[in-house]
1. Estimate the FRET efficiency between Asp44 and Asp177 by the formula 1/(1 + (r/R0)^6), using the beta-carbon distance for r and 22 Å for R0, to the nearest 0.05.
2. What number comes out for the charge environment of Thr9, summing +1 per Lys or Arg and -1 per Asp or Glu over other residues with Cβ under 13 Å away?
3. Among His22, His370, which comes first, second and so on when ranked by fewest other beta-carbon atoms within 10 Å?
4. Could you line up Cys114, Cys40 from fewest to most neighbouring Cβ atoms inside 10 Å?
5. With the cut-off at 36 Å, report for the chain the share of all Cα pairs above it, as a whole percent.
6. With 10 angstrom as the radius, rank Val152, Val28, Val136 by how many other C-beta atoms surround their C-beta, starting from the fewest.
7. What's the ranking of 316-328, 42-54 by average number of surrounding C-beta atoms within 10 Å, highest first?
8. Could you tell me which of the pairs Lys18/Lys126; Lys68/Lys327; Lys303/Lys397; Lys147/Lys260 are separated by over 25 angstrom between their Cα atoms in the structure shown?
Amino acid sequence: MQKNIRFITADEAVKVVKSGDHVHFSSVACAPSVLIDALCRRGDAGEIRDVKIHHLHTEGPAPYTDKKYEGVFFHQAFFVGENVRKNVQDGYADYIPVFLSETQKLYRCGALPCDVAMIQVSLPDKHGFVSMGPSVDATLAAIECAKYVIAVVNRNVPRAWGDAMIPLSKIDMFVEDNTPLPTTLFSEPDEIETAIGRNCASLIEDGATLQMGIGAIPNAVLAQLGNHKNLGIHTEMFADGVLPLVEKGVVNGAEKKINKGKMVSTFLMGSQECYDFIDDNPMVLMKDVGYTNDPYVIAKNPKVTAINSAIQVDLTGQVCADSIGTKFYSGVGGQIDFVYGASMSEGGKAIIAMPSVTKKGISKISPILHSGAGVVTTRNHIHWFVTEYGAVNLYGKSLQERAKLLISIAHPDHREALDKAAFERFGPHFHFIG
Ligand code: COA
C-alpha cells in the first residue's frame, strides 16, 4: 500500500551526516546530485570534517573531490570514473581496488562501515515500492547496512525490476527532485573499432550469453551481431547498443539456463531511450552485484562470452586495464569476475579486445607493462585476445607461443620491434616457434 511520503529539504536531510562518517552514493545516472550539493554546502560552512565518500562510477559533477575540500571529504571510490579521474591522479581523491563482485561485500562483511546511504529512486508504486532504476550494484548492500538512508524521489528514475525494487520502509528520509537524469551518448564506432567488433563477433556463437564491459568496444561488437540468434545478456552493465538487438529478437535469452528470457544487469549507462527501455520492463532484471558478478552464477549459463577491454598487454598475456603506468584511469571493475565466470561456463569464451595502438600510435601490445601498471587479468586467466588485426587464443599456450600470437595481431608498424624484444627476452629459440 502506498504511504504518504513526507518530503524534507536536501539541506535538512544531510544534517544526519557527522564528521568521520562513511557515506555511500548510488551510481551512474542515479548519483543523488541535490544531496551531494547540500553535503558540500555543509563542508563549505565548516560543519563536517573527514567524511569518507564511496561510490562506483557516477555521472555528473563530483565537487567533493576538489582540492578545497581537503580534510573535509576523503573520497574513496570503487571505480575511477571520468568525473573523479583528474583528482584521483593528483591525489585529492582516492580509489579502493576491489572486484566489482565484492563491492557489496565490503559493506556486508563490515570491511567498510556505511553510516549514510544517499540514493535516488523512482516514484513509489501502489504497493509502496520504489525502484533504484539503473543503480543496484553495491547500493543495495549500502542500504542494508546504513544507519540512515536518504532517498531523492525523482519521477525520471525508471522503474527497473529485480533487486532494484525496495520498500519505502527501508528509507528514513525523502527529498524530492525531478531533474532529468544525466544521459551518456556513445559515438558511432570508427573503422578500427568496427574491425575489432567484427573479430569479436566471429567468436560469438548463436545462443551465447553476453557480458560487455565499459569503453568504446562493446557498442562496436553489438553493432555486428544483427544476424546472430538467441543471444542472452547476463552482464554488469549495458548501454544503448543492445536495444536494436532486443527489438530484432536477436537478444531473447532463449538458451539461458538461469534467468531464461531475461536480461540481467547491475547498473547501466545510456541515453533516455535506454532508461525508457528498463522502465517497467519485465524482461530486464537489475540485480545485486554480488549476484550478477559472482563467477559461479555467471558460469551457470552456457556459452558465456565476456568481452572486456584493456589499456595494455605484455607479450606473456598480462593485461593492464585500470591504469596508465602509475596513473589510475578506471578500476578493475568486473573484468576478472567475468573472465573467470566465462572460462568456467560450458562453451564459454573470455575475450579481451582493444585497438592495437593508442590514438598517438603507441603500441598497446608491449614487451613489458608500463612501470607502475597493475595486472587486472593475469597471464593465467587470459584466453582470447582481439585487436583490429585478428583474434588469438592464448589459453594453453607457452610464453613464447603467446608472444608470437600477440605479435601477429599487433600493428604492422610495431611487429618488428616486438619481435626483436621477444628474441632478446626468450633467446634465439623464439624464431623456431611456429
Ligand atoms: N599507453 C598510454 N596510454 C594509453 C594506452 C597505452 N597503452 N592505452 C590507452 N591509453 C590512453 C588512451 O589514449 C586514452 O587517453 P585519453 O583519455 O587521453 O583519450 C585512455 O588511455 C583510454 O583509452 P581508450 O582506448 O580510449 O579506453 P576505453 O574508453 O575504450 O576504455 C578501458 C578502455 C580499459 C580503460 C576500459 O575498458 C576500462 O576502464 N576497463 C576497466 C576494467 C574492466 O574491463 N572492467 C569491466 C567493465 S567495468
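Computed from the coordinates by the stated procedures, all read-outs in this text should not be read as laboratory data. Not measured: the values here are computed from a predicted model. Every residue, glycine as well, gets a Cβ built from its backbone with ideal geometry; the counts of neighbours run over all protein chains shown.
1. Taking R0 as 22 Å, the efficiency between Asp44 and Asp177 is 0.65.
2. Its environment carries a net charge of -1.
3. Ascending Cβ contact count within 10 Å gives the list His370, His22.
4. Cys40, Cys114
5. I get 28 percent for the Cα pairs in the chain exceeding 36 Å.
6. By the 10 Å Cβ count, ascending: Val28, Val152, Val136.
7. Ranked by mean Cβ neighbours within 10 Å, highest first: 316-328, 42-54.
8. The pairs that break the limit, which is 25 Å between Cα atoms, are Lys18/Lys126; Lys147/Lys260.
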